[in-house]
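What follows is calculated from the coordinates using simple rules that are stated; it is not laboratory data. Only a predicted model underlies this, so the values are computations on that prediction, with no experimental measurement involved. As a convention, Cβ positions derive from the backbone with ideal geometry for all residues, glycine included, and neighbour counts pool all protein chains shown.
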Amino acid sequence: MTLSPDPVPSCTTYTDGSGIPGGTYYGQTGKKAGQLVGGSGDNIVFVPGTYCFSTVTISGGGLLTVNGPVVIKVTGQSIFGGGGVVNTTHLASNLQIMSSYTGTKAGLTINGGSQAYMQAYAPDTEVVLGGGDRFLRVRRGGEHLEHRWLEGPPRCRAGDRGEQRHRQRLGVARGPELGA
């Protein structure tokens, strides 16, 4: 039996920019509409809410920080890298990243950090996990794959082959409340 994951509906109106200090947001219109960029020294702090972007690119020493429930929807290839993701609530349900991108290569890249409690859902693209984070459970379609990133590269279970950079079409969840 093959399970087909539900697609992520594409958001059609980009965020107006309120509630996201830090980084550079290019607004709702124009050539770079919906793009959020953070680099060295940027700390993009989201107030609780739901946001829609074309792309998010956090690189260098840039940080993404949430202090309450935040849903980030992206329609294009996005990279949550840089210095990492900080979820001060330590609840994965308080940071949800949903990608409607349908390209095959690295549609969603996440390099977390020790405070990167999150849920990510990208059923129609490749998800690249990196950094020193500890993703406790990974979901691909209806199948759970156990990941134990205690130190060093990921080691995957449930028939998946461990790789230096795990590249699969995955929905990813990170956080202790998901259970074993």
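Quick notes on this one:
- Computed from backbone phi with θ = phi - 60° and the Karplus coefficients 6.51, -1.76 and 1.60, the 3J(HN,Hα) list for region 50-64 is 10, 10, 10, 10, 6, 9, 10, 10, 10, 9, x, x, x, 10, 10 Hz; x is used for glycine and proline.
- Amide H partners (placed H, <5 Å) of Ala120, local residues excluded: Ile97, Val172, Ala173, Arg174
- Remark: region 117-124, residue by residue, has Karplus-estimated 3J(HN,Hα) of 6, 7, 10, 10, 9, 9, x, 10 Hz, where x stands for each Gly or Pro and the curve is 6.51 cos²θ - 1.76 cosθ + 1.60 at θ = phi - 60°.
- Listed peptides 42-55, 72-85 appear in the order 72-85, 42-55 once ranked by packing, highest mean of other Cβ atoms within 10 Å at the front.
- Amide proton proximity set for Val45, modelled H, under 5 Å, gap of 5+: Thr65
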